[in-house]
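> Sharing a structure, written as structure tokens. Questions coming.
The values are calculated or read from the model by the stated rules, or taken from the named source; none is laboratory data. Remember, predicted model here, so these are calculated numbers, not experimental data. Please note: Cβ atoms are built from the backbone with ideal geometry, for glycine as well, and neighbour counts cover all protein chains shown.
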Ligand code: ADP
Ligand code: ZN
């Protein structure tokens, strides 16, 4: 049933934390399923969506009526079904899904019109306001309409002045569209002339889009091979069919370069959806997407939950990037949910990467995803030559991290007027602050993490919770004065070393925490791309697809970082990161080189990185995981119990581990309880149980049945993490 006549019961989903689908009576004039409505909940009025038939769990005589139907375009059946599927997949309550899909200000007022002020053409009758104020007001008009508030603010006058001008007839009030439509993208404009490989890949993707059916393709291409040009053609095919397209990027800082490329290709900029856009832009995007008036959206993972009318293509760029996994609130992986959404809407997915995740590689190998390879860089560009620097053979005094061999190479590049990048995936000055008198390490009081010295901020920072503290003068443990010393390198310390080694070079640091805003980070990237820096020092943020045309040398300071540790994914991560960052070298007409500092040049991962024998690397990783029945050859679910104290979390964890019958019924095993990968954060202790199930098992249902009988003690929180990324 799609329509509920006035007075008939229907089920309404609200976004309230403890909410669920509740029954209400349809209002005067009836209501369609999917409509956004306002309903009474206790003494309050809250927003909800008519979700479907009444649950019937409440006597009809006691039902309250929907207060009003909101203006917003009703939520389409496809999106409702998608939210329900994601809720089932991630074991998330539906209200949390609704919150995710309605993160837009002022949703209720809809896409309709509002009153804007315009400048009158005819001479005003009589103006009593001071002349300069009037001029100020007239000055800010560029023909576009403004609200009285916007106008007063822009002109720097009071709202009384604006009102006076309206009364005098100098300003006219007119109804205008609340949200300006986006300029049209023209898919028929000519794109770049593609190489033969690119053209073939583009044709395959376009054919997929034109089929109108679901399909996922891994677009694997070395950095600089022109993957973006290729998937722009798939977008063109999608837009030409009148369907909408979505491009997900892992990093806001990457959007501006991408927007420029879209503008060049299609003649206008697309809609944007991420934490960096203003509230009114979010509003505009959400409503325009819902009306089908936004053809292309570029966004962060949550753009997946926008109310597209007809989504024909989703591109997940840098698909291996770990930031696609949301680790708070609803724990979902945007790449996997993109595939789910496309399967439900009959769309295509393009997963683009130079170093795909093992999961995607395996899906392509198993034939679940198609695979297209771009093996060479576009044009005459060649891939960087990769070499190891064996740190055991280098004369490197303690407190220094740039080996003589690397130093020489950088000096040569600088002499040639080119840029060099020193890569170290550690923010701050030094990862450790140790007391030389007693050996005490300064730790965060709320987390299981060390405090990291940041000289730039002149403070200690906890990288887990963000807490900061002044640099202590005395050791907090033994009280010794001036004995606290930094141990190990961070990018800020590396910067110090670089300035000492190359005093005449312009050094720029690229680290996410040095920039208060996405804008400042963008500016810094532009400075580097424009050639206004000689040496770039960066954390993993530089590995993410920025184009620095004059960069010819990449020095990896410590390739061994991350190789130790028990995480089974460590090898994959190091491989991706070092290959990605090395790929930054030599993009334009200058050949590039990557020098990788390591103390274990014979380690299989380091060897795979240097040889570039990727297929062999993935096969061996895949075989190791298969032997252990770990993803992608098995399935995992994490259950995280967190509480202000450790004991109750461990206690419940132990009880859960013992009551594992529902898990054994599907052939699954449970491990733990053990301290979670983040064992304490913001004063909460975290304990994890890990469920390992065979590949085809009904994991979610079993986990739900397993947890359900256990009552949570007060203050204890339980979160399920399906497909955890650390294991
Ligand atoms: P990837 O995403 O694979 O790293 P890009 O699509 O960013 O590669 O392309 C790398 C560089 O090569 C970019 O500067 C891009 O403009 C250029 N390029 C790629 N393909 C073409 C083409 N067919 N014609 C002109 N320039 C191209
Ligand atoms: Zn902390």
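> May I ask you to say which residue of 246, 254, 313, 218 is in the same structural domain as residue 368 (by the TED database) and assigned to a helix (DSSP H, G or I)?
Working: 246 fails: assigned to a helix (DSSP H, G or I); 313 fails: assigned to a helix (DSSP H, G or I); 218 fails: assigned to a helix (DSSP H, G or I).
Exactly one residue qualifies, and that residue is 254.
> Sticking with this structure for a sec: Please work out which residue is surrounded by the fewest Cβ atoms within 10 Å (Cβ to Cβ), limiting yourself to segment 30-49 and to residues that are over 17 Å from residue 73 (Cβ atoms) and at pLDDT 90 or above.
So, considering only residues that are over 17 Å from residue 73 (Cβ atoms) and at pLDDT 90 or above, the one surrounded by the fewest Cβ atoms within 10 Å (Cβ to Cβ) is 43.
> Filter segment 150-199 down to the residues that are in contact (Cβ under 8 Å) with a residue 60 or more places away in the chain and not in a loop (DSSP other than H, G, I, E, B), then identify the one that is farthest from residue 374 (Cα to Cα).
Taking the candidates together, the pick is 175.
> When you scan segment 637-727 for strands (runs of 3 or more DSSP E) that lie fully inside it, which ones turn up with 2 or more residues that are in contact with a strand residue (DSSP E or B) (Cβ under 9 Å, 6 or more places away or on another chain) and farther than 24 Å from residue 88 by Cβ? Walk me through it before giving the result.
Working: elements: 669-681, 684-693, 717-722.
Result: 669-681, 684-693.
> Another one. Please indicate, with yes or no, whether at least one residue in segment 50-62 is modelled with pLDDT of 90 or more and under 24 Å from residue 283 (Cβ atoms).
Yes, some residue in segment 50-62 is modelled with pLDDT of 90 or more and under 24 Å from residue 283 (Cβ atoms).
> Another question, then. In this structure, is residue 467 away from ligand 1 (no atom under 16 Å from the Cβ), under 26 Å from residue 541 (Cβ atoms), out of contact with any helix residue (DSSP H, G or I) (no Cβ under 9 Å at 6 or more places or on another chain) and modelled with pLDDT under 90?
yes
> Out of 251, 196, I need the residue that is surrounded by fewer than 14 Cβ atoms within 10 Å (Cβ to Cβ), away from ligand 2 (no atom under 16 Å from the Cβ) and at negative phi. Which one?
Step by step, each of 251, 196 is checked, and only 196 is surrounded by fewer than 14 Cβ atoms within 10 Å (Cβ to Cβ), away from ligand 2 (no atom under 16 Å from the Cβ) and at negative phi.
> So, in segment 363-384, of the ones that are modelled with pLDDT of 95 or more and touching a helix residue (DSSP H, G or I) at 6+ places or on another chain (Cβ under 6 Å), which residue ends up nearest to residue 629 (Cα to Cα)?
369
> So is residue 696 at pLDDT below 95, closer than 30 Å to residue 362 by Cα and surrounded by fewer than 16 Cβ atoms within 10 Å (Cβ to Cβ) or not?
yes
> Residues to consider are 83, 116; find the one that is at pLDDT below 75, outside any loop (DSSP other than H, G, I, E, B) and surrounded by 16 or more Cβ atoms within 10 Å (Cβ to Cβ). Before the answer, list the steps.
On the way: 83 fails: at pLDDT below 75.
Checking each option against the conditions leaves just 116.
> I'm trying to understand the selection: among the residues of segment 183-196, which are more than 11 Å from ligand 1 (Cβ to nearest atom) and at pLDDT 90 or above?
Within segment 183-196, 183, 184, 185, 186, 187, 188, 189 meet the criteria.
> Please indicate, with yes or no, whether at least one residue in segment 325-348 is part of a strand (DSSP E or B), buried (at least 23 other Cβ atoms within 10 Å of the Cβ) and touching a helix residue (DSSP H, G or I) at 6+ places or on another chain (Cβ under 8 Å).
Checked segment 325-348: at least one residue is part of a strand (DSSP E or B), buried (at least 23 other Cβ atoms within 10 Å of the Cβ) and touching a helix residue (DSSP H, G or I) at 6+ places or on another chain (Cβ under 8 Å).
Let's see how each residue does on (1) part of a helix (DSSP H, G or I); (2) within 16 Å of ligand 1 (Cβ to nearest atom):
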position: 589; (1), (2): no, yes
position: 601; (1), (2): no, no
position: 605; (1), (2): yes, no
position: 609; (1), (2): yes, no
position: 615; (1), (2): yes, no
position: 625; (1), (2): yes, no
position: 630; (1), (2): no, no
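> Can you work out which of the residues in segment 153-190 that are crowded, with 18+ Cβ neighbours inside 10 Å and under 30 Å from the mean Cα position of the chain (by Cα) is farthest from residue 218 (Cα to Cα)? Spell out how you get there, then give the answer.
Residues of segment 153-190 that are crowded, with 18+ Cβ neighbours inside 10 Å, as a first pass: 155, 157, 161-162, 164-165, 170-171, 178-179, 182, 185, 187.
Still in the list and also under 30 Å from the mean Cα position of the chain (by Cα): 178-179, 182, 185, 187.
Numbers: 178: 40, 179: 36, 182: 30, 185: 26, 187: 23 Å.
Among residues in segment 153-190 that are crowded, with 18+ Cβ neighbours inside 10 Å and under 30 Å from the mean Cα position of the chain (by Cα), the one farthest from residue 218 (Cα to Cα) is 178.
> While we're here: For segment 197-219, how many residues are within 21 Å of residue 615 (Cβ to Cβ), touching a helix residue (DSSP H, G or I) at 6+ places or on another chain (Cβ under 8 Å) and within 12 Å of ligand 1 (Cβ to nearest atom)?
Number of matching residues: 2.
> Also, I was wondering about something else. Among 56, 29, 34, 52, which is the only one that is closer than 25 Å to residue 279 by Cβ and outside the structural domain of residue 302 (by the TED database)? Show your work before the answer.
Values: 56 fails: closer than 25 Å to residue 279 by Cβ; 29 fails: closer than 25 Å to residue 279 by Cβ; 52 fails: closer than 25 Å to residue 279 by Cβ.
Among 56, 29, 34, 52, only 34 is closer than 25 Å to residue 279 by Cβ and outside the structural domain of residue 302 (by the TED database).
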